[in-house]
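Following: one structure in C-alpha cells, then a few remarks.
What follows draws every value from the coordinates through simple rules; no lab data is involved. On a predicted model such as this, the values are computed, not experimentally measured, just so you know. Cβ placement follows ideal geometry from the backbone for every residue including glycine, while neighbour counts extend to all protein chains displayed.
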Ligand SMILES: *Cc1c(COP(=O)(O)O)cnc(C)c1O
C-alpha cells in the first residue's frame, strides 16, 4: 500500500460505461404494464431517445461514452478519491478508509454524471424540452445544469413540501434557466386529480414523476429524464467505480468493503458494480453494503415484486424491492433517499447475495456526518451521511476485531444546501421517525398485476 494522500492525477476518465446486466444472473425484464410482455425499445421511445432506450434494455458489457460527454465530464472527473486519515485517527481504527467524492460537480452531487449524457442524447435526437421530478432538488438542479449546457428547456416538478422548504436548490434551477413548479401542480391531469381530492397534498416523488411523464407522453418535443433507479442511470454512474478502481490501483490497495447510500441505487451501483463485475468474472471478492434510511427501508423491509416507478402507473413494471408505489415516506431530511423502489439491478444483486443492506436512523447519520465534517472538512449531503454512518460502524468493528480492512465508501454529494437540517440536528430538533409497517402493508396491497387490471 503506497502512502498517498489523494489520488487524482494520471487517472483517465473511463471510455466506457460498465453494464452489470452482462454479468448479473437472474435479471428479469422490464414489462409493459398493459400486456405483461417484456418492454421493447419502441415502448420506451415515446419518453426517451433511442440510444437511452437501448441502454435501458442492453446486456452489452461495455457501452462507449461519447466524446462530447467525456469532455464535459472532464470539468470535474475523474472525481477525487481521498484517504480519510484524520477520520481513521479519530476513530482509532486500524482500517484504511477511502472515499470517492462526487460533490465537486457543478451541482454538488454524482447526478450530473447521468444528466449530461441524457441531455446529450436528447439534443442529438432533436428534442426541445426535458421534463422531470425532483425531491430535495439535487436531480432537478443537475438536469437544469445539463439542459443549460446543451441548450434544452428543462421543466422540473418539485415535491411540494421540498419546494417550500428548500428554496436554494429551486433557486439554483432557476439560475440555470430551468422552470421549477411545485407538485402536485395544475399543469397535468394527474396533478389536478390529486389536488381535487386533497388541495393540501404535500406531494411525493411518485406523484412528481407521473406529472413529468404525462408531459413527456403528450408532447413529441418533450422527453422524460430520470435521475435514479433506471438501468441507463446506473450505467452512466459506473464511471465512479471504474475511476475508484484505477485510483486504488495507484495506491496499491483494493477494498474489502464497498459502501454506498441507497435511494434509487444509482450512486451505490455506480461505485460498487465495477468491483462486483470483477468478482463475478472470477476476480477478488468484495463485501458491498447498501445504507438506507430506517424510515424508508426499501431493501431491508420491502417486497421483491413487479411495481411501477411512479404513483400514476405510467412507467414500465420493474422487478425490484419495493414498499409499493403508493407509499409516501416520512419527511426525513435525506430527500434523495425517500423513494418506494430501487434499481432492479441493485435489487437483484442483493437477492443474489452479492450485497447486504443496512437501515440507519437519521440522527445517527447526522452524528456521523458531523464527525466526518470535523475530521475531513467536507460537510456531507444528508443522503451521503448514511454511507458515512455505515463506514464509521465498519471501521469501529475493525477496531474491536483488530483487523486492518480496506473500506471504500461513496460520498455522493456535499451538504451546502442542507445546512438548515444540520442546524436542526445540532439544536436537538431532529427525531427518528420509525418505520410505518401499516402504511407499507396498505401500499403493498396495491401492487399491480402484470398484464392484468391494475391493483
Ligand atoms: C439523489 C441523491 C442520492 C440518492 O440517489 P441514488 O440513486 O440512490 O444514488 C444520494 N446522494 C445524493 C447526494 C443525492 O443527490
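Computed values, structure above
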quantity	calculated
Order of 201, 180, 296 - criterion: other Cβ atoms within 10 Å of each residue's Cβ, fewest first	201, 180, 296
Segment residue 396-residue 351, length gained on full extension (0.36 nm per residue, minus Cα span)	13.5 nm
Shape of the chain, Cα gyration tensor, a/c cut at 1.5	rounded
Three-way shape label, the stretch 307-438, alpha-carbon gyration tensor, a/c 1.5	oblate
Length gained when the stretch residue 446-residue 300 is fully extended (0.36 nm per residue, less Cα-Cα span)	50.6 nm
Likely footprinting exposure, 63, 194, fewest C-beta neighbours within 10 Å first	63, 194
Peptides 70-78, 263-271, 280-288 ordered by average Cβ neighbours within 10 Å, highest first	263-271, 70-78, 280-288
Contour minus Cα-Cα distance for residue 148 and residue 186 (0.36 nm per residue)	11.1 nm
Percent antiparallel among DSSP beta bridges (both partners in the chain, rounded to 5)	35 percent
Peptides ranked, highest mean first, by Cβ atoms within 10 Å: ranges 236-242, 158-164	236-242, 158-164
For the stretch 390-442: rounded, prolate or oblate by the Cα gyration tensor [a/c cutoff 1.5]	oblate
Helix 112-124 vs. the chain, principal-axis angle (Cα, 0 to 90°, nearest 10)	40 degrees
Angle between the chain longest axis and helix 205-218 axis [Cα atoms, degrees, rounded to 10]	50 degrees
In degrees, nearest ten, helix 362-376 long axis to first principal axis of the chain (Cα)	50 degrees
